[in-house]
1. Under a Cβ-only charge scheme (Lys and Arg +1, Asp and Glu -1), can you give me the dipole magnitude of the chain about the Cα centre, in debye to the nearest 20?
2. Lys pairs in the chain, Cα-Cα under 21 Å, at least 8 apart or on separate chains: how many?
3. What residues have an amide H closer than 5 Å to that of residue 139, excluding those fewer than 5 places away on the same chain, when H is modeled at 1.01 Å from N in the peptide plane?
4. With θ set to phi - 60°, apply the Karplus curve 6.51 cos²θ - 1.76 cosθ + 1.60 along the range 71-80 and write out the HN-Hα couplings as whole Hz, x wherever there is a Gly or Pro.
5. Which ordering of 80, 101 is given by a fewest-first count of other beta-carbon atoms within 10 Å?
6. Amide H neighbours of residue 56 under 5 Å, counting only residues 5+ apart in sequence or on other chains, H built in-plane at 1.01 Å?
7. For 177, 183, 86, which order do you get if you count the other beta carbons within 10 Å of each Cβ and list the fewest first?
8. How long are the three semi-axes of the equivalent ellipsoid for the chain, computed from the Cα gyration tensor as the root of 5 times each eigenvalue, in whole Å, largest first?
Amino acid sequence: MATTVREKPSKYGEWWRTNDLDENWYRRIFANRSRAHEFFLDWLGGLIRQGKRINSILEVGCGRGEPYARLLREHGYVGVDISEKEIDFCRQRYGPDRFVVADVVAQPLQDQYDLVFAHAVVDHVYDINRFLKNLWAMTTMDLYVSSYRGWFPRLDTHDYNWEEAYTCYNNRVSPAEARSTLEAEGASKLEIFPVYVGNSADDIALETTIIASRR
């Protein structure tokens, strides 16, 4: 599989840092993927019912924290995002010590967490493999990544398409390349599979889900 390091575009993330969208927009995009979020919460609930202790959780691409900053607070929730304005909003609403401004594609955070998860973020990053590697490096137990752009089982390598209007990429994630990347990092307990989400706002019925575990 390709291991080329992809460069970060100079404009990357500008739209996300400067738009005037509020929490209602984040609620709408959450609602558009309600089945994907239900699947994640059912999976997480299954871990907890099995007696697995989850004392720290990192959400990558937390936006305005809705709804996981509330739902997962008792499990030591922390959010990270590239947008300073979104993190400022979260700090004011949920507390100043639980949110970080960072580009984790460029460099992982120094801290580690029992669970690291990201919804609909891998779809827009400039280097999918570095994103997956860095998220895996930040977890001591479990990694959960969902890709809303679809399920592409015949795609041998990731497909990147720059979206100038939103200063990010619209990606198609290759299950084969994602698997190869994480296995090379030592992820032996690894599942990559489609999740049925019905008729989403983008008319995409299947999403890609990646789950890796160290235990």
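All of the numbers you see were taken from the coordinates with simple rules; none came from a lab. Here the structure is a predicted model, which is why all the values come from computation and not from measurement. All Cβ positions, even for glycine, are placed from backbone atoms using ideal geometry, and neighbour counts span all protein chains on display.
1. On the way: 27 positive and 32 negative charges, 125 e Å.
For this selection, approximately 600 debye.
2. Working: 8/85; 8/133; 11/85; 52/189; 133/189.
Taking the Cα cut-off of 21 Å, the pair count is 5.
3. Amide H neighbours of residue 139, under 5 Å, 5+ apart: 113.
4. For the range 71-80, the Karplus curve yields 5, 10, 4, 6, 9, x, 5, 9, x, 10 Hz.
5. Working: 80 21, 101 15.
Ranked by crowding around the Cβ, least crowded first: 101, 80.
6. For residue 56, whose amide H was placed from the backbone, the distant partners under 5 Å are 114, 115.
7. Working: 177 20, 183 13, 86 24.
By the 10 Å Cβ count, ascending, the order reads 183, 177, 86.
8. 23, 22, 18
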